[in-house]
Amino acid sequence: MAIVSIILAIGIIVLLALLERWRVEAAADQFAADLRLAHTRATEQLTDWRVVFMPDGSPLGGCSSSDYCMVKLSGPYGSGDPAPTLDDSTDSVARELPDRTKIKDVTFDPDCSHGDPNAAIPPSYCGTQGGATRTLEFNSNGTVRTLRPGQSGTVVISSEDGSPVCPVVFNAPTSRIRIGEISYP
């Protein structure tokens, strides 16, 4: 009886760990799919779409309690143009990650623009803005850029307790979105 109890206890612990891993994997898959959806909508509708992360709880019209939000801009724009307003005809899409998962960290390249004069932020601006809402913008020409700070980077999805973690890596020059390996920090 004691041996069966020990085996059962070990089995439950392993099952709970697997459930946590599957939950984080599902959250990373969902997040990456939404980034790809924003990219597809931008190129098909010939306007820019943004995915806004709110790690600091900054509200964005109807998305104040969500983990992240997808918004459509009223039109595409270049680096010299003033930023367009949000498209009033399309509601912001508030997105929630699966229960007990969260966006743990958002890191962008320290060289904010790789010297690209057409970046949404100039090459000279490469500081970290503490508490700033982080934004990825998918452009109608198929490229992706960040509004602050950086160009390419990683969004780390984790369970509530911080382990396991799964990075979602985006590359601005190629618009490639890749889900990394799960790790246990």
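Of all residues in segment 24-51, count the ones that are among the charged types (D, E, K, R), assigned to a helix (DSSP H, G or I) and in contact with a Leu (Cβ under 9 Å, 6 or more places away or on another chain). Write out each step before concluding.
Our first condition is that a residue be among the charged types (D, E, K, R); within segment 24-51, this holds for 25, 29, 34, 36, 41, 44, 48, 50.
Imposing the further condition that a residue be assigned to a helix (DSSP H, G or I) reduces the set to 25, 29, 34, 36, 41, 44.
From what's left, in contact with a Leu (Cβ under 9 Å, 6 or more places away or on another chain): none.
Of the residues in segment 24-51, 0 are among the charged types (D, E, K, R), assigned to a helix (DSSP H, G or I) and in contact with a Leu (Cβ under 9 Å, 6 or more places away or on another chain).
If you check K104 against the conditions, is it at pLDDT below 90, in contact with a Phe, Trp or Tyr (Cβ under 6 Å, 6 or more places away or on another chain) and not in a loop (DSSP other than H, G, I, E, B)?
Working: at pLDDT below 90: yes; in contact with a Phe, Trp or Tyr (Cβ under 6 Å, 6 or more places away or on another chain): no; not in a loop (DSSP other than H, G, I, E, B): yes.
For K104, the condition - at pLDDT below 90, in contact with a Phe, Trp or Tyr (Cβ under 6 Å, 6 or more places away or on another chain) and not in a loop (DSSP other than H, G, I, E, B) - is not met.
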(request) Taking T90 as meeting all but one of (1) modelled with pLDDT of 75 or more; (2) of a type in the set (S, T, Y); (3) crowded, with 18+ Cβ neighbours inside 10 Å, write down the number of the exception. (result) (3)
(request) Give segment 7-51 a look and list any residue that's among the acidic types (D, E), in contact (Cβ under 8 Å) with a residue 40 or more places away in the chain and farther than 22 Å from Y184 by Cα, or say none. (result) D34, D48
(message) If a residue must be closer than 23 Å to A26 by Cβ and modelled with pLDDT of 85 or more, how many such residues does segment 50-87 contain?
(response) 4
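The values are calculated or read from the model by the stated rules, or taken from the named source; none is laboratory data. Source: prediction; values computed, not measured. Ideal geometry is used to build each Cβ from the backbone, glycine not excepted, and the neighbour counts take in all protein chains shown.
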